[in-house]
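See below for the structure under consideration.
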Amino acid sequence: MENKLYGKTVIFNGDSICAGREDCGSWATRIAKKNALSACKNYAVGGGIISEGLYHASGCLRHSVSASLEKMHEEFPEADYIVIEGGTNDADLHSHIEDRDLRGNFDPYDFGGEYDRTTFAGALESIFYRATKYWCGKRICYIVAHKMTWGECFKRRRAYFDLAIGICKKWGIPYLDLWNGCYLNSSLPWMYDKEKNAEENEAAGSMYIDSQHLSSRGYDLTADIIDSFLKGL
């Protein structure tokens, strides 16, 4: 069968889930190797957000998928696949900043392009508005991260992802919901052992190294799912 990804250019952007780690790679490294891509770049950075203008506790500006979209287009104007991931850190910061709306919302009939990029919803809308112009006719998609952590944090993250899916549907952007589309769950002890540290979970073959970040085995599983998803676009 024809490999639709063979020799293509694929670029990624997101947070630590998409960025992966030097010791175990990422979705991008696995997909690039499997499909002999002509070019592949992963712009994702740990702690990254979809929205713009939020800072780390250290005072450093957080990596923003929205703010880095122009750099992606400048470096890869002819990219074949543009893969966007993110929202976990936007959701986590929601409870720490009370003086403004970080979540935002969207009007299903507004395609004007004037969106508030300081909110999660506005920034994601702006990403799709610009991306569909920058890479017109190319494959643009969004990935909802796998299940992670528990309690109120779990619920808040899922609420952000549900909002993201609504925005994807508005813009006609294909999305892959790993949260509901694969069995990974860090609350299950055979996937993540709270009594072990990251190195011990990795060595034991766990799917997670902590309550949200994947092990090599977890990346192997999800990369295969993403690979199939991209080939179906």
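The values are calculated or read from the model by the stated rules, or taken from the named source; none is laboratory data. In this text, all values refer to a predicted model and were calculated from it rather than measured experimentally. Cβ coordinates were reconstructed from backbone atoms using ideal geometry, including for glycine residues, and neighbour counts include every protein chain displayed.
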*Of all residues in the range 42-69 being touching a residue at least 12 places away in the same chain (Cβ under 8 Å) and part of a strand (DSSP E or B), which is nearest to G87 (Cα to Cα)?*
I49
*For L54, indicate whether it is closer than 26 Å to C153 by Cβ and either hydrophobic (A, V, I, L, M, F, W, C) or surrounded by fewer than 16 Cβ atoms within 10 Å (Cβ to Cβ) (or both).*
yes
_Quick check on the range 60-77. Is at least one of its residues under 30 Å from A203 (Cβ atoms) and among the hydroxyl-bearing types (S, T, Y)?_
no
*Can you confirm whether the range 22-40 contains a residue that is at pLDDT below 95, charged (D, E, K, R) and in a loop (DSSP other than H, G, I, E, B)?*
yes
*G59 fails exactly one of the following numbered conditions: (1) more than 24 Å from D162 (Cβ to Cβ); (2) touching a helix residue (DSSP H, G or I) at 6+ places or on another chain (Cβ under 8 Å); (3) surrounded by fewer than 17 Cβ atoms within 10 Å (Cβ to Cβ). What is the number of that condition?*
(2)
*Taking only the range 211-233 into account, find how many residues are farther than 26 Å from L5 by Cα and either modelled with pLDDT under 95 or part of a helix (DSSP H, G or I) (or both).*
2
*Identify, please: which residue in the range 100-123 is outside any loop (DSSP other than H, G, I, E, B) and touching a Leu at 6+ places or on another chain (Cβ under 9 Å) and is, among those, surrounded by the most Cβ atoms within 10 Å (Cβ to Cβ)?*
F120
_Near pairs, Cβ below 8 angstrom, 6+ apart or cross-chain, from the range 16-30 (closer than 12 Å to Y43 by Cβ) to any residue that is in a loop (DSSP other than H, G, I, E, B) and among the β-branched types (V, I, T)_ = A19/V45
*asked:* Given the condition of a type in the set (S, T, Y) and touching a Lys or Arg at 6+ places or on another chain (Cβ under 9 Å), answer yes or no: does some residue in the range 68-77 qualify?
replied: no
*Filter the range 1-41 down to residues that are among the small types (G, A, S) and over 17 Å from Y219 (Cα atoms) and give me whichever is surrounded by the most Cβ atoms within 10 Å (Cβ to Cβ).*
A39
*Taking the range 124-162 as the region of interest, how many residues are of a type in the set (A, V, I, L, M), outside any loop (DSSP other than H, G, I, E, B) and under 14 Å from the mean Cα position of the chain (by Cα)?*
5
*Residue that is farthest from D23 (Cα to Cα), among those in the range 200-214 that are of a type in the set (D, E, K, R) and within 24 Å of the chain's Cα centre (by Cα)*: D210
